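What follows is one structure encoded as structure tokens, with my remarks underneath.
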Amino acid sequence: MTATLMDGKAFAADLRANVARQVSALKTETGVTPGLAVVLVGEDPASQVYVRNKGRQTVDCGMASFEHALPETTSQDDLLALIDTLNADDQVHGILVQLPLPAHINADLVINAIAPDKDVDGFHVSNVGLLATGQKAMVPCTPLGCLMMLRAQHGSLSGLNAVVVGRSNIVGKPMAQLLLRDSCTVTIAHSRSRNIEALCRNADILIAAVGRPEMVTGDWIKPGATVIDVGINRIETPDGKARLVGDVAFDSAAQVAGAITPVPGGVGPMTIACLLANTLTACCRSLGQPEPDGLTA
Ligand code: GUN
């Protein structure tokens with residue numbers, strides 16, 4: 001392996017420590033404890049694990065965690081009523097509704113019912129529009145985490161060719177907006193792109209966010225490029241064991257890339273750390289306090 005390993009676990013630990021320091025200072029100065037409400041509908045085991053981790057890390061940072069676990073059969077109206085209550089609750093500065101939601105609930109409607117200032121996921125159409133027009137937004141957590149790691153690796157990103165593979169609302173599109181805002185030349189590639197390998201080989205920064213196990217191989221990568229792997233895929237190995245892999249074939253990519261994130265231990269831990277950062281940011285904005293240091297895009 002020749003690439004530098006970008007250690008998201010260590011980076012996220014530093015970020016959480018930064019959040020905890022600033023939460024403590026905010027409490028001393030204002031007496032206000034930032035609060036995050038997480039809403040989970042149904043019993044999806046992976047979502048339950050995420051929600052538990054979010055709650056634990058929120059409390060570890062000195063913030064208040066409000067968890068609302070609702071049954072799978074919850075009606076859309078009952079969920080919207082809960083969001084209204086959370087929107088009006090001044091102990092709650094951030095609201096996250098865990099996705100995916102059950103099929104009988106319209107996720108767009110629910111997301112857009114969250115007060116934009118409390119939308120710590122950055123999924124509300126107002127925040128999407130604010131980000132796209134370069135205004136102060138709540139920024140989606142996974143792309144924010146990727147951006148922080150890229151800035152730490154490169155300093156300025158200005159003028160670099162960035163290719164984002166994947167066009168989801170959660171990662172691909174906001175990632176492209178953030179890179180554009182940092183003056184990259186941005187290409188979004190996706191399942192219908194022609195000659196996707198050649199597009200990727202032109203990238204100084206390559207972000208893989210498609211959910212296809214080990215799709216990006218070493219021969220897709222420009223020598224020396226920085227590769228950020230957002231994928232988390234569970235695959236079965238020939239001996240029948242489960243293994244987590246990214247969207248990048250790590251061993252071949254690491255022979256060519258200049259820097260690369262592993263899976264697990266790369267971008268994954270940054271997502272929750274950025275959620276905590278966004279909750280503190282939302283709280284500071286609601287109080288008219290200065291923006292927290294080093295936590296925003
Ligand atoms: N499910 C998977 N990733 C996310 C995320 O970033 N936010 C929410 N709300 N749900 C998710």
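Figures for the structure shown
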| item | result |
| --- | --- |
| Rg [Å, one decimal], Dmax [Å, integer] - segment 54-177, C-alpha atoms | 16.3, 50 |
| Label-to-label distance, nm, for residues given as E236 and A64 (7 Å Cα→Cβ offset) | 4.7 |
| Cα-based Kirkwood hydrodynamic radius, segment 99-162, one decimal, Å | 13.5 |
| Estimated FRET transfer efficiency (Q48, R151; beta-carbon r; R0 41 Å; 0.05) | 0.80 |
| Helix 268-287 axis, angle to the chain major axis (alpha carbon atoms, nearest 10°) | 40 |
| Value of [θ]222 nm, deg cm²/dmol, for the chain, DSSP H segments ≥ 4, -39500 (n - 2.57) each, nearest 500 | -12500 deg cm²/dmol |
| FRET efficiency for T4 and R212, using Cβ-Cβ distance with R0 set to 30 Å, rounded to 0.05 | 0.75 |
| P(r) histogram, all alpha-carbon pairs of segment 163-212 included - 5 Å bins from 0, percent | 5, 24, 35, 25, 11, 1 |
| Sorted largest first, extent of segment 69-124 alpha carbons per principal axis (Å) | 28, 19, 16 |
| Cα long-axis angle, helix 76-88 against the chain (0 to 90 degrees, to the nearest 10) | 70 |
| Partnerless Cys - the chain, beta-carbon criterion under 4.7 Å | C61, C146, C184, C200, C283, C284 |
| Cα centroid separation, segment 37-112 to segment 220-297 (Å) | 23 |
| Antiparallel content of DSSP bridges confined to the chain, in %, to 5 | 10 |
| Separation in nanometres of the label points that stand 7 Å from Cα toward Cβ, at V125 and S252 | 4.2 |
| Sorted largest first, extent of segment 161-297 alpha carbons per principal axis (Å) | 53, 38, 27 |
| Cα gyration tensor, segment 5-77 - rounded (a/c under 1.5), prolate or oblate | oblate |
| Long-range amide H partners of F66 with built H, under 5 Å | L36, A37, V38 |
| Gain in span if fully extended, R192 to L180, counting 0.36 nm per residue against the direct Cα distance | 2.1 nm |
| Largest-first principal axis extents, alpha carbons of the chain, Å | 52, 42, 34 |
| Between helix 172-181 and the chain: long-axis angle, C-alpha atoms, 0 to 90°, nearest 10 | 80 |
| Relative contact order for the chain, counting Cα pairs under 8 Å that sit 6 or more residues apart, in percent | 22 |
| Two-site FRET efficiency, E72 against D108, from Cβ-Cβ distance with R₀ of 25 Å, rounded to 0.05 | 0.80 |
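A short reminder: the numbers here are calculations on the coordinates, not readings from a lab. This structure is a prediction, so every number in the text was calculated from the model and none was measured. Counting neighbours? That spans all protein chains shown, and the Cβs are built from the backbone with ideal geometry, glycine included.
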